[in-house]
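Here is the structure we will look at, set down as structure tokens.
Here, each number is a calculation from the coordinates, and none is a lab measurement. Computed from a predicted model, the values in this text were never measured in an experiment. Using ideal geometry, Cβ is built from the backbone for each residue, glycine included, and neighbour counts are taken over all protein chains shown.
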Amino acid sequence: MVFNSYTFVVFFILLLVLHNLPLSWKTKKINLLVASYLFYALWNPPFILLLWLSTVVDYYMARLIAVSENKSKRKLWLTISLLLNLGMLSYFKYGGFLLENFTALLNTMGITYQAARPDIILPVGISFYTFVTLSYTIDIYRRKFAPEPSFLNFALFVTYFPHLVAGPIVRPEDLIPQFKQPRKATTNQVTWGLFLLSLGLFMKVAIADGWLAETADFIFGLPFPVNPLDAWMAVLAFSGQIFCDFAGYSTCAIGVSLCLGFTLPENFRYPYASIGFSDFWRRWHITLSTWLRDYLYIPLGGNRKSNIRTYLNLMITMLLGGLWHGASWNFVIWGGLHGIFLCIERLLRNLTTRHKTPVHESEVILRATILPVASRNLTNFLLALLTFLLINITWVFFRAKDFGSAMLMLLCMAGIIDQGPKMLSTPDMLKVGIVTVGLITTHWLMRDRDLRQVFSRLPWWLWGIIWAIMLILVALTQKSTSSFIYFQF
């Protein structure tokens, strides 16, 4: 089931009615759990068994970890949890990829080997709920908090449908405490939640699918070179598409959850206004970047050791972060490029700090005047544009079907190879241009603002007009129910 479907509209209305009936809190949580399983089952019912297995094993392993004082036994229970979760993820998501590369390695060594490609179906959302349950058992092992005594609360934490298939990646402290006491959305929460649901659908249906997807799919699907303008339009189209698609899903999930009285963590914070790549990862897929930081980068040593070790930790984290997105070398390269940019940024920052000379107090006062502030704003905006440009180059590897196609697109963008025929019409390019300028402008204006506070200052009639326009555009552009891009991850 997807948010942008009429089935979900019926499902959500029924769930809201049930959730607001005068029933016991335990009954309401059971209703939410059953609804979450139903939401997931409409993709592929047998995969509920994997979700259930992960839930049961991690619940009991966490309890064993918590009560055991023997260090070896605690490590054993944690290892069982890690092996189960990462084992399922490795098999379903990376089984074919590993076999394909193993076969290629043997053939390179002169050993003729050709294995039948396994017919493995990727369970939707497995990357997301695997990280959700892993964070729980790892935090219990670290004695960050006591295990949740209620199996119902834990099962609902894992399977809660708004975040289940594409995030945000919640931590135990984000959600479990909200299940302990009865919660009912206030009128303001329902209003804002429905507005966020409408905004998310507008981003997904009207912009990502209606204005951008066709252009990106068309150019990236061509087997021959295109002229540089078409290549750049396709990359910019995908850049806008993936943001509006993924941020649209997260916005829908947060809005739906708010209507039920629950709060999910923020997942996007105007990333196309980022000044540098470290800033980008504080704004893009925030729950993934913080997960990788807390459970991978910091345990590897973070920046607590030498500079070389810090750069190595950054590269390992981003390479594995890229591989998390998909079983393809293109995703590894995408992650590697982000790692390289992060290392370069850190190196430049260290060099700048090392050679910075002390300034006189009068110079500090001078820098605080209006002119330097305007100058710094312009400099930051230009740096944000440079960051956006580099991010678009990395998106090529994220979107292209293989390495050869990615390199062909990059060569076309650079104008290095012979120009192909012009493929995009003027209206198609105008749509991409309008969305790109609109995203950059909106993100820059909103980078340090809160959306809810901005709308709270608007008169009710203007808010109503904006809301109505979004719903009308969603209705006009909704042609077919399409999945969100991150469902495949």
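Just give me the residues in region 236-276 being farther than 20 Å from VAL437 by Cα, assigned to a helix (DSSP H, G or I) and not hydroxyl-bearing (Ser, Thr, Tyr), in sequence order. Passing the criteria: CYS252, ALA253, ILE254, GLY255, VAL256, LEU258, CYS259. Of the residues in region 291-299, at least one is of a type in the set (D, E, K, R) and not in a loop (DSSP other than H, G, I, E, B). Residue-level check: of (1) closer than 18 Å to VAL165 by Cα; (2) crowded, with 20+ Cβ neighbours inside 10 Å, ILE140 misses just (1). When you scan region 90-112, do you find a residue that is on the phi > 0 side of the Ramachandran plot and part of a loop (DSSP other than H, G, I, E, B), even just one? Yes, because at least one residue in region 90-112 is on the phi > 0 side of the Ramachandran plot and part of a loop (DSSP other than H, G, I, E, B).
On inspection, THR130 passes the criterion of being hydroxyl-bearing (Ser, Thr, Tyr) and under 18 Å from the mean Cα position of the chain (by Cα).
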